[in-house]
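Trainee: There's a structure below that I have some questions on.
What follows is calculated from the coordinates using simple rules that are stated; it is not laboratory data. On a predicted model such as this, the values are computed, not experimentally measured, just so you know. So basically every Cβ, Gly included, is an ideal-geometry build from the backbone, and we count neighbours across all protein chains shown.
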Amino acid sequence: MNNNLRKLHIGRINFTNVWPIFYYFPLSQFAEEVELMLEVPTSLNKALAEGRIDMGPISSFAYGENSRNYVLFPDLSVSALGKVNSILLFHREPLEQIVNGTIALPTTSASSVNLLKIIIAKYYGGNPTYFYASPSLNDMMKSTDAALLIGDDAIRESWQDRGFQVTDLGELWHRLTGRSMTFAVWAVREQVVKEQPELLQRVLEAFQWSKSKGMADPQEMIAEAQQTIGGTASYWEHYFSQLTYDFGPAQWEGLRLYFQYAWELGLLEEPAHLRIWQNKTVIQVNE
């Protein structure tokens, strides 16, 4: 390690949906160069914005709020073209009947919360009352028409039959727009891109290798998911295979539409542009 360069702090989402990218990441190869920090998405969003971490999988919406200061790694995301199986809205009545009702939101998400707001406003003309709550479905549904859960909380509840209707937001977004939805992107603070490009390139290649291995040979990862979260091997095989971990033109197209709607609705203060690091150079994906 070059003693003139400080350790690279990498955030990791505390959800199984990022496992294929992180599971085989060869941390030992980076000795004292890299440190991983485990958090929920909203905590990572804040840590990256404050400079307490240098890069990581943050909510796509958080990138949209700070696109002037961040650069995106290519080929890495948590996306879905259709069902995502872990971004779920639980509701008592059909969705079109509750879009002016009361909806509980989790404190652990940014992309999914704003995706729900976009879908309800743009496609249903609704204006519900939103409030934030801890991700406990029973508590959330005591006095609301619907509740949004994400990540492993959503997965666990999807295995229960509590009599609620369940809408998968990834599936609904695809049905309404025909586009992919990207829930998390791999963002790097631009200052780090300038200061440590060689290390970043090696980290990127290591994540790409881990992703390839995780998707090609998921059995060990599936067994650990069963042990730590529950569920069957077939469930986890299906879950990981339905997610997309790439970040290319198909994902860019869907994310640009998401950002456009977020800006039109006033959820973002300014338009967000995709700035991607390729071959140690920052490129901007044009409309």
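Trainee: In the chain, if the dipole is taken from +1 on Lys/Arg beta carbons and -1 on Asp/Glu beta carbons about the Cα centre, which of Gln227, Tyr24, Asn279 is farthest to the positive end?
Mentor: Asn279
Trainee: Let me ask something else. Could you state the number of Å between the C-alpha centres of the stretch 242-258 and the stretch 105-120?
Mentor: So the two Cα centres are separated by 17 Å.
Trainee: While we're here: Please report the orientation-averaged projected area of the chain, defined via the convex hull of its C-alpha atoms, in nm².
Mentor: Across all orientations, the chain yields a mean hull projection of 14.5 nm².
Trainee: Also, quick follow-up: Give the distance, in whole Å, between the Cα centre of the stretch 30-82 and the Cα centre of the stretch 8-24.
Mentor: 10
Trainee: Now for a separate question. Can you pull the semi-axes for the stretch 141-287, root of five times each eigenvalue of the Cα gyration tensor, sorted largest first, whole Å?
Mentor: The answer is 31, 25, 14 Å, longest axis first.
Trainee: Right, another one. Size of the dipole of the stretch 87-177 about the Cα centre, Lys and Arg at +1 and Asp and Glu at -1 on the beta carbon, nothing else charged, in debye to 20? Numbers along the way, then the final one.
Mentor: Working: 7 positive and 10 negative charges, 44 e Å.
For this selection, approximately 200 debye.
Trainee: Most exposed first by the Cβ proxy, i.e. fewest other Cβ within 10 Å, how do Ser212, Ser134 rank?
Mentor: Lowest to highest Cβ neighbour count: Ser134, Ser212.
Trainee: Moving to a separate point now. Rank these for me by crowding, Met181, Met37, going from fewest to most other beta carbons within 10 Å.
Mentor: On the way: Met181 28, Met37 15.
In increasing order of surrounding Cβ atoms, one gets Met37, Met181.
Trainee: Just round it to a whole percent: the fraction of Cα-Cα distances in the stretch 87-177 exceeding 17 Å.
Mentor: Value for the stretch 87-177 (Cα pairs over 17 Å): 41 percent.
Trainee: Which translational diffusion coefficient, to the nearest whole µm²/s, is obtained for the stretch 28-108 from the Stokes-Einstein equation, given a Kirkwood hydrodynamic radius over C-alpha pairs, 10 °C and 1.306 mPa s?
Mentor: Answer from the Stokes-Einstein relation: 100 µm²/s.
Trainee: So, in Å, what gap is there between the alpha-carbon centers of the stretch 160-238 and the stretch 262-279?
Mentor: 21
Trainee: Using every Cα-Cα pair within the stretch 27-180, state what percent have a distance larger than 21 Å.
Mentor: For the stretch 27-180, the fraction of Cα-Cα distances above 21 Å is 50 percent.
Trainee: Of the listed peptides 75-83, 160-168, what is their order by residue-averaged count of other C-beta atoms within 10 Å, with the highest listed first?
Mentor: Numbers: 75-83: 22.1, 160-168: 12.9.
Ranked by mean Cβ neighbours within 10 Å, highest first: 75-83, 160-168.
Trainee: Give me the extension gain from Arg156 to Ser212: residue separation times 0.36 nm, minus the current Cα-Cα distance, reported in nm with one decimal.
Mentor: 17.5 nm
Trainee: Which value, in debye to the nearest 20, gives the size of the charge dipole of the chain about its Cα centre, when Lys and Arg are +1 and Asp and Glu are -1 at the Cβ?
Mentor: 300
Trainee: Between Thr102, Ile87, Gly163, whose Cα lies farthest towards the positive end of the dipole of the stretch 87-177 when Lys and Arg beta carbons carry +1 and Asp and Glu beta carbons carry -1, centred on the Cα centre?
Mentor: It is Thr102.
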